[in-house]
Amino acid sequence: RLRIAPSGAAELFDGCNEGSVVVAVEADGAVLRFGPIQATGAECDGPVAEVAEALAATLDGTVFAQVDGRTLTIAKGDRTLVLRAE
């Protein structure tokens, strides 16, 4: 789960840890710049750990974003996250 407020403050939950991060929106929303993630740091195992690692690696620094209806696609290098609004 990723919630980004208009102020740029964001909350995230990766299935194991909760955290926060500051997000700057650039280029009319096509580029997002994530600051360092502050997370709870719980030890995760199995598939949840893999999701947590992939999320942290993708939401690090500058990423490209595309919104299509209720879907946000975030891409960085060879990683892509697809998030759907609740």
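The values are calculated or read from the model by the stated rules, or taken from the named source; none is laboratory data. What you see is a predicted model; the values in this text were computed from it and never measured. Cβ coordinates were reconstructed from backbone atoms using ideal geometry, including for glycine residues, and neighbour counts include every protein chain displayed. We work out accessible area using only protein heavy atoms, side chains counted, and drop any ligands, DNA or RNA first. Shrake-Rupley method; radii C 1.70, N 1.55, O 1.52, S 1.80 Å.
Over the chain, calculate the relative contact order: mean separation of alpha carbon pairs under 8 Å at least 6 apart, over the residue count, as a percent.
Rounded, it is 21 percent for the chain.
Counting only protein heavy atoms and a 1.4 Å probe, tell me what percentage of segment 1-72's accessible area is made up of carbon and sulfur.
That share works out to 54 percent.
Probe of 1.4 angstrom, ligands and nucleic acids ignored: what's the accessible area per residue over the chain, in square angstrom?
Result: 65 Å² per residue.
Scan [x] 37, 26, 24; [y] 35, 25, 19; [z] 40, 25, 17 for the value of Cα extents along the principal axes in Å calculated from this model and give just the label.
Only one option fits the structure, namely [x].
At R0 = 30 Å, how high is the FRET efficiency between Ala24 and Val51 if r is their beta carbon distance? Nearest 0.05 is fine.
Efficiency computed from Cβ-Cβ geometry: 0.75.
So how do 55-64, 1-10 stack up, highest first, on mean other-Cβ count within 10 Å?
Averaged packing, sorted descending, gives the order 55-64, 1-10.
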